[in-house]
Amino acid sequence: MPHISNPYFFILLLLLYTGVVLFLVFYLLVHKKPAWIYKWACNRVAAFKDFGRFSPQFRTKLYSSGAIIAIRFNLETGRVSAINQTGADLLGITKTNNEVHGSFKHGEFLSHESRKGLVKELNLHKRVENYPATCVVNNALVKILITAEKYENGDVEAMVIDITKHFNIYQKIEDQYLFLQNILNALPVPVFVRDKSHQYPFTNQAFNNTFGDINSDSSNKYAFLIPPDFEESDVPTSEDSQYQASISSKFQAEFSTAMSTGVHHFEVRRRPLKKKNGQIFGVVGVATDITHRKRIEQDLRDTTKRYKNLFWNAAEGITTVQHDGRLTEVNPAMASICGYDSPEQLLEEVHFVDKFWRYPEQRAEYLKIVLENKTAVGFDFEFVRRDGTIGWMTISSSGKFDEHGNLEYIENIISDITLKKQSELELTRCATIDSTTGICNRNALEGHLITLLNAKPATPFAVVFIDLNNFKPVNDNYGHYTGDKVLEIIAQRLVANCRETDFAARLGGDEFIVILNEVNNKKTLSGITDTLLDIIKEPILLGGITHVVSASAGVSQYPADGDTTADLLKAADASMYDMKRSSKASKINNQLELLANS
């Protein structure tokens with residue numbers, strides 16, 4: 001038997017094969033007549049055809065020795081006058097030399113319908129052959145066939161065959177046939193049997209719904225159901241073993257045909273039906289409508305073609321990366337972004353994708369997102385080109401996982417956003433850098449303070465508010481250009497004298513802010529503040545002119561003086577004005593003291 005890859009298909013074929021055999025038996029019994037029964041009965045009835053011409057002794061022996069029931073009764077009275085031993089045993093009649101004891105009538109064993117029909121036929125035709133009837137023996141139904149002849153005196157001589165066993169076998173075959181028919185009708189795929197006369201004696205409901213009455217179709221448009229080499233002339237002989245082996249194999253092919261609903265595609269699987277001698281007498285097959293599958297396959301081919309076109313012509317880079325970081329597929333755009341001449345060159349020189357990532361911690365963060373969410377959308381990172389230059393990429397990824405949840409590979413779409421990032425950085429710089437002094441502006445200051453206030457755990461810091469003294473005369477006497485240069489030099493001095501953890505910014509006008517991180521000792525805070533004021537007072541030489549500008553400073557501390565940006569700046573500002581007032585008071589006292597001494 002050929003190898004069957006699908007066990008369910010093998011079971012289906014086995015059911016089909018069994019059903020076909022049962023169907024053919026049933027078909028012969030119903031349509032071809034059970035000639036083997038009738039011939040046997042008729043041969044025995046013929047022996048009694050001239051029964052009346054035989055001598056009484058011969059007739060007595062014939063009645064007694066018959067293997068079938070021989071009975072004589074009167075049609076009018078129904079009285080049974082003679083019966084052989086076979087009939088007496090079946091009906092439970094007491095007799096002597098075939099003569100019936102007592103009054104036994106045919107109505108005592110023939111059913112009413114059978115008796116009524118038999119009487120009608122004999123009165124009409126004088127003779128019946130193989131008349132089907134039912135009798136009741138010991139409360140059990142017995143199926144019989146009656147061949148009888150009526151004489152002028154009303155007597156009837158009949159031969160009766162008990163066909164109960166044969167009828168039960170026939171009924172079982174019919175029940176099995178109906179059972180199999182119901183099973184096959186429940187199948188959603190068309191099933192058929194074709195014989196050597198090119199007829200289809202068996203088809204299931206799905207076949208009829210799909211192809212209609214194929215036996216009445218003269219267009220031959222469904223010829224594809226049968227293999228091209230399955231013809232009557234090709235049926236192999238028992239000696240033709242090689243061809244017998246080839247024709248015995250399973251046939252499978254795909255075909256297309258025009259139907260009322262359009263062109264349909266079918267996959268037909270067939271197997272030959274054989275007699276005991278190995279001769280093929282038909283073929284059984286299953287015709288599956290694969291139109292939908294064909295459409296899906298075509299859609300898949302179209303989609304694959306579109307994907308390939310997109311892959312090779314896309315402006316964005318497209319890559320496939322295995323779970324271990326191996327780069328297995330790149331398109332031309334990706335090669336160009338990374339500075340390679342072709343995808344082949346990139347794959348030859350770069351085996352693992354981590355070579356592109358400037359910072360490994362960024363890749364680790366990205367992989368964590370993919371593993372947790374199965375996707376990553378718009379993840380920006382810095383990458384290294386082939387020539388060593390740095391750029392920016394944004395990557396959107398879809399991870400493919402196996403049934404156990406393990407990552408197999410990642411599909412990526414990548415865009416080069418280097419110019420965009422440069423623009424963003426420039427905009428950020430412009431938004432946070434003071435154009436006059438080149439240090440951070442008020443926006444950057446507020447952002448830095450918010451970061452410090454939200455830090456976990458919280459750390460103490462101090463805000464030093466610096467306001468320049470005597471700066472207005474510089475602007476008024478030497479112009480704004482000179483004033484701006486003085487502000488720039490003072491700002492650079494502040495930045496240069498801050499620690500790495502500190503932060504300096506221009507608040508506006510001639511006001512500056514310095515954030516001293518992790519400083520909560522007042523002595524240390526006072527020392528740093530005095531240092532900043534001293535460097536501001538250092539002379540500034542511009543255009544041969546020396547400018548000296550002093551400053552006043554006020555300090556607030558977090559969290560003692562507030563826990564918001566506004567509160568801390570307000571407290572530092574107030575402290576600065578206190579310093580200004582005390583400085584003025586000190587100067588006045590010094591002047592009064594000098595006058596008094598003079």
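Could you compute the net charge surrounding residue 392? Neighbours are other residues with a C-beta less than 12 Å from the C-beta of residue 392; K and R count +1, D and E count -1.
Neighbour charge sum, excluding residue 392 itself: 0.
Could you tell me which residue out of 413, 437, 384 lies farthest along the dipole of region 383-460 toward its positive end? Charges go on the beta carbon: Lys and Arg +1, Asp and Glu -1, centred on the Cα centre.
About the Cα centre, the residue reaching furthest to the positive side is 437.
What dipole magnitude, in Debye to the nearest 20, does region 314-422 give about its Cα centre under +1 on Lys/Arg Cβ and -1 on Asp/Glu Cβ?
The dipole of region 314-422 has a size of about 360 debye.
Expressed as a whole percent, how much of the Cα-Cα distance distribution for region 123-200 exceeds 22 Å?
55
Just the Cα atoms of region 314-422: what Rg and Dmax do they give in Å?
13.2, 43
Of the cross-linked pairs 143/172; 420/485; 116/150, which ones have a Cα-Cα span greater than 22 Å in the structure shown?
As for pairs spanning more than 22 Å Cα to Cα, those are 420/485.
Only Cα pairs under 8 Å and at least 6 apart count here; give the relative contact order of region 314-422 as a rounded whole percent.
Value for region 314-422: 27 percent.
What's the magnitude of the charge dipole for region 284-368 around its Cα centre, counting Lys and Arg as +1 and Asp and Glu as -1 at the beta-carbon? Answer in Debye, nearest 20.
Approximately 380 debye in magnitude.
Using only the Cα atoms of region 434-594, construct the convex hull and provide its projected area averaged over every direction, in square nanometres to one decimal.
10.5
Hand me the GluC sites (Glu not before Pro) from region 383-439 located in a DSSP loop with no more than 14 other Cβ atoms within 10 Å, in residue order please.
Loop-located and lightly packed - 403.
Mind giving me the nanometre distance, one decimal, between the label points for residue 124 and residue 79, set 7 Å out from Cα along Cα→Cβ?
Here the modelled spin labels are 2.9 nm apart.
Taking the Cα centroid of region 442-464 and of region 486-513, what is the distance between the two, rounded to the nearest whole Å?
Rounded to whole Å, the Cα centres lie 16 Å apart.
Quick one: 3J(HN,Hα) in Hz for region 531-548, Karplus 6.51/-1.76/1.60 with θ = phi - 60°, rounded, Gly and Pro as x.
Coupling constants for region 531-548: 4, 5, 5, 5, 6, 5, 6, 4, x, 10, 9, 9, x, x, 10, 9, 10, 10 Hz.
Among the aspartates and glutamates, which fall within straight-line cross-link reach of residue 305, defined as a Cα-Cα distance under 20 Å, with same-chain neighbours fewer than 8 residues apart omitted?
Residue 305 reaches 297, 316, 329, 411.
What ranking do 539-545, 318-324 get when scored by the average of other Cβ atoms within 10 Å per residue, highest first?
Highest-to-lowest ranking by the protection proxy: 318-324, 539-545.
Beta carbons within 10 angstrom, averaged per residue: use that to sort the peptides 174-182, 556-564, highest first.
Highest to lowest by the protection proxy: 556-564, 174-182.
Restricting attention to the alpha-carbon atoms of region 438-490, what are Rg (one decimal) and Dmax (integer), both in Å?
Values for region 438-490 (Cα only, Rg and Dmax): 16.1, 50 Å.
Which far-off residues, 5 or more places away or on another chain, put their amide H under 5 Å from the one on residue 196, with H placed in the peptide plane?
Under 5 Å from the amide H of residue 196 lies no amide H from a residue far enough along the sequence or on another chain.
Place the peptides 195-202, 273-280, 258-265 in order of packing, highest mean first, counting for every residue the other Cβ atoms within 10 Å and averaging per peptide.
Descending packing order for the listed peptides: 195-202, 273-280, 258-265.
What chymotrypsin sites (Phe, Trp or Tyr not before Pro) does region 121-176 have in DSSP loop regions with at most 15 other beta carbons within 10 Å?
Sparse-neighbourhood loop chymotrypsin sites (Phe, Trp or Tyr not before Pro): 151.
Just so you know, all these numbers are worked out from the coordinates, no wet-lab data involved. As the structure is a prediction and not an experimental result, all values here were calculated from the model. Because the Cβ atoms are built from the backbone with ideal geometry, glycine has one as well, and the counts that use them run over all protein chains shown.
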